[in-house]
1. Straight-line reach from Lys154: which aspartates and glutamates have Cα under 20 Å away, leaving out those fewer than 8 places along the same chain?
2. Within 10 Å of each residue's Cβ, count the other Cβ atoms and sort Leu71, Leu52 from fewest upward.
3. Taking Cα atoms, how many degrees apart are the long axis of helix 19-33 and the longest axis of the chain, rounded to 10 and kept between 0 and 90?
4. Report, ordered by chain and residue number, the aspartates and glutamates lying within cross-link reach of Lys72, taken as a straight Cα distance under 18 Å and ignoring same-chain residues fewer than 8 apart.
5. So for Met174, Met75, fewest C-beta neighbours within 10 Å to most, what's the order?
6. Take the eigenvalues of the Cα gyration tensor for the stretch 3-115, scale each by 5, and report the square roots as semi-axes in whole Å, largest first.
7. Rank these for me by crowding, Tyr15, Tyr10, Tyr68, going from fewest to most other beta carbons within 10 Å.
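Nothing in this text is a laboratory measurement; each read-out follows from the coordinates by a stated rule. Given the structure is predicted, the values throughout are model-derived calculations rather than measurements. Using ideal geometry, Cβ is built from the backbone for each residue, glycine included, and neighbour counts are taken over all protein chains shown.
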Amino acid sequence: MSEQEKAKWYVVHTYSGYENKVKANIEKLVENRGMHERIQEVIVPLQDAVELKNGQKKVVQRKVFPGYVLLKMIMDDDTWYVVRNTRGVTSFVGPGSKPVALTDEEVRSMGIESFTESIDINVGDTVLVKSGPFEDNTGIVKEVNINKHTLVVKISIFGRETPVELDFNQVSQMA
C-alpha cells in the first residue's frame, strides 16, 4: 500500500455545538456512498468531567476538542468533497483550508488512537475494572457497544448485581 493510499487523521472545524450532527451526517454519507474504505472513522473525542450541581457531584461527558471532528480517511477529491460539503462543516484544519494530516506524534499525544481502539472482549466475558469509581472490581460483560466504545458490565455492589457502563480503556479481560 503506497503512502497515498494509507488513511491518515484529519481535523475538520464545525459550527459550535454541531460536532455530533456533523459526525452523524458524515457517517450517513459514507454509508450511502459506500465509502467505508476511504473514510474509515469519524470521532468526536469525549472525556469524563465531574460537575458540581446543587451540591451533587455528577459525571458528565465533555468534548475534548469543542468545534472539531476528527476523521481517519484517505484524502482524495471525492472524500474531500463529501466532507467539505457536509452541513455544519466550516473547513478542514490547515493553511488556506488545505487539509493537513496529523502527524503520528500528534495522534499519539492527543490520544486519538486510544479513542478508536478495538476490543477483544465479548458478552459473557469476565473483566477487571482498571480505573474509575469501580476500580479493582470484576464483573461479567452484558453488552458491547463498538460505536460508543463502551461496555455494560454487571458488578456486584453491596451484594446486588448492578449494570455499569464503562469505556473500553477502563477494563481488561481476565484470563
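1. Output for Lys154: Asp120, Asp125, Glu135, Asp136, Glu143, Glu165, Asp167.
2. On the way: Leu71 24, Leu52 8.
Sorted ascending by nearby Cβ count, the order is Leu52, Leu71.
3. That works out to roughly 70 degrees.
4. Glu3, Glu5, Glu19, Glu27, Glu31, Glu37, Glu41, Asp104, Glu105, Glu106, Glu113, Glu117
5. Details: Met174 11, Met75 19.
Going from sparsest to densest Cβ surroundings: Met174, Met75.
6. Values: eigenvalues 149, 51, 34 Å².
In descending order, the three semi-axes are 27, 16, 13 Å.
7. Values: Tyr15 13, Tyr10 22, Tyr68 16.
Sorted ascending by nearby Cβ count, the order is Tyr15, Tyr68, Tyr10.
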